[in-house]
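As structure tokens, the structure follows; a few thoughts come after it.
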Amino acid sequence: MNLFSSINEGLKAIHKNYQLLFIHFAFLFILFFGIFFVLSIPLGILFIGFGIDLTDILKGNFIEIVISSLNLFKKFLLFAVIFLLSLVFYIISITAIWIYMFAGTLGVIYQYFEKQITFNFKNFHQNGKKYFWRIAFYSIFSVFLFFIFVLVIGLIGDVSNYLIEFLKQYSHTFSVFFSVFFYLTILLFVLFSFILWISVTLLGYYGIIHKELSPFESLKESKKLITNKPQFLMRSFILFIIYLLTGGFIISLSSLFAIIPNIGAVIAAIYQFLTQFVQVYITLIIFATFFAYYLRLEKVSQEAMRECHISSEEAPQQVQVPPVEENPQKSENPNP
């Protein structure tokens, strides 16, 4: 199954389950307005209250200013603790909503591919609950891998900078050559590692949904698939490039609308609103396309293994013919 047929399958899956677009778009609103209420309003109250109290404090003498400052510190320390706890609660809530929504989305897409079942909220909710913790634990592990990846890249960058600075003391030509060489090498390494991380993450999610695997089993399955079928990495790279090109083209159009006199800003604002919806649409298509390619390749592998097994069972066994005893030669000498 080539990539274009996978994209076609992904488009059909999202169009038949278009409700997923509105669910993910609504999540963006919750994400934006949630951070607005958690950060903007409490910080506004903090600065207004601090400004009023600070004005009252400065009206007294030195001792009164010191005592009032201590009371003010206790007051706003408690407010800061409440603010931090609210922020932590917001982050946990948003993460939990995303995991539930993502698990439900993958479950709906999988049911469409396998059983041609379109979206209904009951199935979405059941899939969200069923795969919540497995998706959550695997996501935590995936984020951990990403942080390791970032640390390794930073370490390699620091070492390369140190070597370049060391070479500058002896030869400027060599330092320029190795700076370009290190830059290109690190760039290729970053790109390869990022594609590998995306592939492992997506295949792990798909293994959880398709094969009911645990997070650890899903990780081993992802490693096995990439080792046996390295074409997954190329498909991930192509889909990532398609995502960047389409997303970049859509975003670049907003700057063209902004230069229109008088109504340009209004059109750009509306276009930004539509851009978010299109970004959600493209992202879901990429997920569905890779999922379709994964499922079809799995079916091809299973059918090949089944045919190989059947052909080995039906192979004619060699029939061993028992040796035939030859009749003993009669004696040619007559009896005396």
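Once the mean of 1/r is taken over each pair of separate Cα atoms and inverted, the stretch 168-225 shows a Kirkwood hydrodynamic radius of 13.8 Å. When only alpha carbons are used to place a centre, the stretch 6-25 and the stretch 120-198 end up 30 Å from one another. As a ratio to 2.2 N^0.38 Å, the alpha-carbon radius of gyration for the stretch 99-142 is 1.13. Applying 0.36 nm per residue to the separation of Phe216 and Lys130 and subtracting their alpha-carbon distance, the gain on full extension is 29.3 nm.
Each value in this text was obtained by applying a stated rule to the coordinates, not by laboratory testing. Bear in mind that the values here come from a model prediction, so they are computed numbers and not experimental data.
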